[in-house]
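A short worksheet on the structure shown next.
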Amino acid sequence: MRRRKPTSIKDKNKTSLKSSFNALVYLPRFFKEIWKVNKGLFLLAAFCRGIGALLPVVILWLGKLIIDEIILQISLELPDYTVLWTYVGVEFALIIVSDLMSRAISLTDGLLGDEYNIATSITIIKKTNQINISLLEDSEFYDKLERARTQTTSRVGLMSNVLGQAQSAISIATLVAGLIYFEPYLIILLVLSIIPSFINEVRFSQQQYSLARSWTSERRELDYLRFIGANDKTAKEIKLFGLTDFVVDRFKNLSEEYYQLNKTLAIKRSALGFLFNVLGTLSYYGAYVFIIYRVLSGVITLGELTFLSASFNRLTRNLQDFFSKFTRISESALYLKDYFDFIDISISSKVKEDCPLPKHIKTGFEFKDVHFAYPNSEQDILKGVSFTLKAGEKLAFVGQNGAGKTTLIKLLLRFYEPTSGEILLDGVNINRYAIAEYQEFFGVIFQDFFRYEFTVRENIAIGDIDELENQDKIEEAAALSLAKEVVDDLKYGYNQQLGKRFTNGQELSGGQWQKVALARAYMKDAEVMILDEPTSALDARAESEVFDRFIGLTEGKTSIIISHRFSTVRQADRILVLEHGRVVEIGTHEELMLNKALYSELFTLQAEGYQ
């Protein structure tokens with residue numbers, strides 16, 4: 001995990017005021033996405049906000065009319081209250097409508113936000129699936145993914161804020177029109193009360209974003225420390241090795257560092273916000289005194305006093321809210337930029353995918369002088385690897401840890417592209433095949449397979465998810481992988497929830513998980529089968545049975561086996577021996593034993609261990 005000790009947010013990740021405003025260009029695209037999610041709900045939300053925006057000034061105007069009417073009727077010898085009660089009734093009805101509009105706005109915003117949340121989450125998942133593994137394993141790129149993935153709530157809030165801004169703008173326009181009609185000088189006081197506070201909010205919002213952005217990786221580290229410090233999967237080692245204080249200290253130091261930076265920013269923001277709010281309050285009471293003076297001078301009526309004071313007060317609050325929301329919108333738009341930057345990532349291949357994939361392998365695969373180094377690394381993992389994997393052949397990869405066995409598999413599956421050299425399938429560079437179709441050619445079980453906390457049925461069907469409802473095929477795969485023995489001991493059989501994350505979940509042992517994972521390989525009638533240390537958690541008898549079945553069932557199929565157990569490896573047609581990223585031997589078990597080289601040495605050492 002990376003460590004850093006930033007002393008301020010004024011670093012290379014800091015965003016400028018200009019960039020905050022520039023990010024607003026993403027809003028039209030943002031609302032185009034929302035429009036696609038649910039047009040009817042969006043129009044309903046806009047209609048409710050339009051009505052809600054006009055009601056405040058209408059209600060204030062009715063209040064003025066009511067007060068003026070009361071004073072008029074008091075001055076008459078024979079008062080007639082018909083008009084007065086009509087005004088009161090209309091005002092009552094409009095207040096009911098106003099409340100209805102407010103609730104309708106909250107409802108439509110919530111529903112629309114939920115639907116948009118679902119849509120963007122699906123978009124991010126699909127986009128992640130399109131991205132090359134090499135990018136996903138890059139820490140800087142993963143920061144981009146993390147920002148796109150975790151800022152969904154911010155984007156939903158942005159939608160409500162922007163729609164609210166449109167509503168506020170209409171209300172402000174009507175209230176300003178009322179002030180200009182009666183006392184245009186009040187607008188000057190209004191500007192003096194709002195602008196300084198607005199500038200202050202914009203300044204600090206972009207600094208807040210800068211801090212959050214520059215600490216993306218550190219916040220991921222904090223989440224990781226929370227996970228390992230309070231999790232059933234890590235609890236045993238945390239207790240056994242006495243790691244609690246180590247994890248707590250690491251978490252405390254990093255979180256305290258972030259807290260201090262955030263605290264400094266928050267204190268400055270609050271202090272200046274208070275000063276500007278005092279200025280706004282002084283401006284309001286200045287306006288209030290001015291209005292009272294005009295009433296006492298007989299220039300305006302008591303009803304107009306009520307209307308102007310209420311309008312100025314409401315307008316001040318509306319403008320403060322408007323500018324406050326504007327700063328939040330500009331800040332959220334920066335997060336929106338992160339989202340669109342992620343989904344706009346270009347997925348391109350160095351070679352044009354213009355060759356149809358063969359229905360069946362004819363000649364096989366060929367690695368030609370393949371070199372490979374992981375991104376941002378100067379050290380080659382593979383150094384001039386050349387070999388062939390013939391159609392229908394079972395080839396085993398052997399070598400010590402770090403020799404490059406799994407890296408070969410990743411290149412073959414097109415998770416990465418060779419630094420130099422090429423890989424051919426039936427004489428054609430594999431990059432010329434459509435990647436999705438090409439990868440469908442393979443049935444693979446990795447040593448670090450993922451333990452999906454789904455039901456047993458779903459875990460097995462992952463090998464061919466289109467066959468999820470094919471119970472016969474699932475049971476057949478379970479029998480072939482020995483997972484049936486596991487299922488028979490489970491309370492709910494194939495419907496048993498695995499893992500402890502959800503209700504009625506049951507955890508499996510490492511060996512049991514491997515049997516379930518192996519069943520995935522049998523679900524898929526793939527052209528090429530690859531087993532990368534798939535039985536490391538099985539006992540010797542179970543492993544022998546699994547591989548005996550695998551060898552029999554893949555007769556005539558192209559397959560690759562990676563295993564440290566030579567009793568398994570010797571069943572392959574040929575064995576490729578890797579050392580320090582180079583092919584040092586290739587041949588049958590018998591041929592390699594006669595060579596008296598690395599394979600013979602490793603086989604003999606392991607055999608002696610069993611004597």
ask   = Going by the structure shown, is LEU78 among the hydrophobic types (A, V, I, L, M, F, W, C), without any contact (Cβ under 8 Å) to a residue 60 or more places away in the chain, under 30 Å from VAL295 (Cα atoms) and out of contact with any Cys (no Cβ under 6 Å at 6 or more places or on another chain)?
value = yes
ask   = For LEU94, are the conditions met, namely being of a type in the set (A, V, I, L, M, F, W, C), part of a helix (DSSP H, G or I), modelled with pLDDT of 90 or more and crowded, with 16+ Cβ neighbours inside 10 Å?
value = yes
key: Qualifying positions in the range 464-475 - in a helix (DSSP H, G or I) and among the polar types (S, T, N, Q)   = GLN471
key: Hey, SER283 in contact with a helix residue (DSSP H, G or I) (Cβ under 7 Å, 6 or more places away or on another chain), in the same structural domain as ASP223 (by TED's automatic domain parsing), farther than 18 Å from PHE323 by Cβ and not aliphatic (A, V, I, L, M) or not   = no
request  = Go through ALA478, ALA461 for me and flag whichever is outside any loop (DSSP other than H, G, I, E, B) and in contact with a Lys or Arg (Cβ under 7 Å, 6 or more places away or on another chain).
outcome  = ALA478
ask   = Somewhere in the range 430-450, is a residue of a type in the set (D, E, K, R) and in contact with a strand residue (DSSP E or B) (Cβ under 8 Å, 6 or more places away or on another chain)?
value = no
request  = Hey, can you tell me all the residues within the range 450-466 that are crowded, with 17+ Cβ neighbours inside 10 Å and closer than 20 Å to ALA526 by Cβ?
outcome  = GLU458, ASN459, ILE460, ALA461, ILE462, GLY463, ASP464
ask   = Is it fair to say ALA391 is modelled with pLDDT of 85 or more, over 30 Å from GLU601 (Cβ atoms) and touching a strand residue (DSSP E or B) at 6+ places or on another chain (Cβ under 6 Å)?
value = yes
task = Could you list all residues from the range 73-106 that are closer than 21 Å to LEU55 by Cβ, out of contact with any helix residue (DSSP H, G or I) (no Cβ under 9 Å at 6 or more places or on another chain) and of a type in the set (A, V, I, L, M)?
result = ALA93, ILE96
task = Among residues belonging to the range 363-381 that are in contact (Cβ under 8 Å) with a residue 24 or more places away in the chain and under 33 Å from the mean Cα position of the chain (by Cα), point out the one that is farthest from LEU413 (Cα to Cα).
result = ASN376
query = Which condition does MET101 not pass, out of (1) hydrophobic (A, V, I, L, M, F, W, C); (2) crowded, with 17+ Cβ neighbours inside 10 Å; (3) without any contact (Cβ under 8 Å) to a residue 40 or more places away in the chain, if it passes all the others?
reply = (3)
key: Per-region count, the range 498-537, residues over 30 Å from LEU425 (Cβ atoms) and assigned to a loop (DSSP other than H, G, I, E, B)   = 11
query = Which of the residues that make up the range 97-130 are farther than 24 Å from ALA45 by Cα, within 14 Å of the chain's Cα centre (by Cα) and not hydroxyl-bearing (Ser, Thr, Tyr)?
reply = ILE124, ILE125, LYS126, LYS127, ASN129
remark   = Among the residues of the range 556-567, the number that are touching a strand residue (DSSP E or B) at 6+ places or on another chain (Cβ under 9 Å) and either in a strand (DSSP E or B) or surrounded by fewer than 23 Cβ atoms within 10 Å (Cβ to Cβ) (or both) is 8
key: Matching residues, the range 280-293, being surrounded by 12 or more Cβ atoms within 10 Å (Cβ to Cβ), out of contact with any Phe, Trp or Tyr (no Cβ under 9 Å at 6 or more places or on another chain) and closer than 24 Å to LEU72 by Cα   = ILE292
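The values are calculated or read from the model by the stated rules, or taken from the named source; none is laboratory data. Everything numeric in this text was worked out from a predicted model, so none of it was measured. Positions of Cβ are generated from backbone atoms using ideal geometry, with glycine treated the same way; all protein chains shown enter the neighbour counts.
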